[in-house]
Amino acid sequence: MKTYMPKEVAPDWVLVDAEGQILGRLATRIASIIRGKHKPTFTPNMSTGDYVIVINADKIVLTGNKLDGKVYTRYTGYQGGLKVETARTAIAKHPDRVIEHAVFGMLPKGRLGRTLHTHLKVYAGSQHPHEAQQPRKLEF
């Protein structure tokens with residue numbers, strides 16, 4: 001039995017409104033679309049997915065006590081350089097990074113994952129500069 005390998009897959013553009021959506025559930029759906037798991041031509045080692053535009057990232061919802069309990073950390077490399085930020089302050093400062101962090105953790109690591117990172121466009125407000133690509137609106 002021969003293995004099927006898609007020749008050329010033209011990616012579509014999908015528009016997702018994050019207003020009132022739960023962060024983790026939204027991130028899993030976005031990661032699945034970026035990987036291309038919704039297409040019959042899905043191949044695990046190829047980029048066969050679509051581009052995803054997320055708007056209203058500042059209106060994302062976290063359930064339970066995650067606004068104060070979820071912590072984002074980064075290390076500068078210097079002694080005492082551990083920076084800690086709660087989800088509440090992260091959403092207030094840069095809500096696009098919160099969604100990117102959740103989705104990128106669900107994508108594969110390595111060369112394919114770095115390619116798929118460019119397929120996600122996140123905007124805090126309701127405006128985006130990708131009208132020329134004519135994205136189709138996706139309802140969850």
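Let's see how each residue does on (1) among the basic types (Lys, Arg); (2) assigned to a loop (DSSP other than H, G, I, E, B); (3) crowded, with 18+ Cβ neighbours inside 10 Å:
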position	(1), (2), (3)
Val14	no, no, yes
Glu19	no, yes, no
Gly24	no, no, no
Thr28	no, no, no
Ile33	no, no, yes
Lys39	yes, yes, no
Thr43	no, yes, no
Met46	no, yes, no
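Identify the residue in segment 107-137 that is under 12 Å from the mean Cα position of the chain (by Cα) and part of a strand (DSSP E or B) and, among all such residues, is surrounded by the most Cβ atoms within 10 Å (Cβ to Cβ). Looking at the filtered set, the residue picked out is Val122.
Taken together, the criteria place Lys59 among residues that are of a type in the set (Lys, Arg) and surrounded by 14 or more Cβ atoms within 10 Å (Cβ to Cβ). Selection of segment 48-66 for residues being touching a Phe, Trp or Tyr at 6+ places or on another chain (Cβ under 8 Å) and in a helix (DSSP H, G or I) yields only Ala57. Taking each residue of segment 93-106 that is touching a residue at least 60 places away in the same chain (Cβ under 8 Å) and buried (at least 19 other Cβ atoms within 10 Å of the Cβ) and looking for partners that are part of a helix (DSSP H, G or I) and not charged (D, E, K, R) with beta-carbon atoms closer than 6 Å, six or more apart or interchain, yields Val98/Ala90; Val98/Ile91; Ile99/Ala57; Val103/Ala27; Val103/Ile30; Val103/Ala31. Just to verify a result, which residue in segment 67-106, among those that are assigned to a loop (DSSP other than H, G, I, E, B) and in contact with a strand residue (DSSP E or B) (Cβ under 8 Å, 6 or more places away or on another chain), is nearest to Val122 (Cα to Cα)? Per the stated criteria, the residue is Lys70.
Readers should treat all values here as calculations from the given coordinates under stated rules, not as data from a laboratory. Every value quoted in this text rests on a predicted model; they were computed, and no experiment measured them. Don't worry about glycine lacking a Cβ; one is built from the backbone with ideal geometry, like all the others, and counts go over all protein chains shown.
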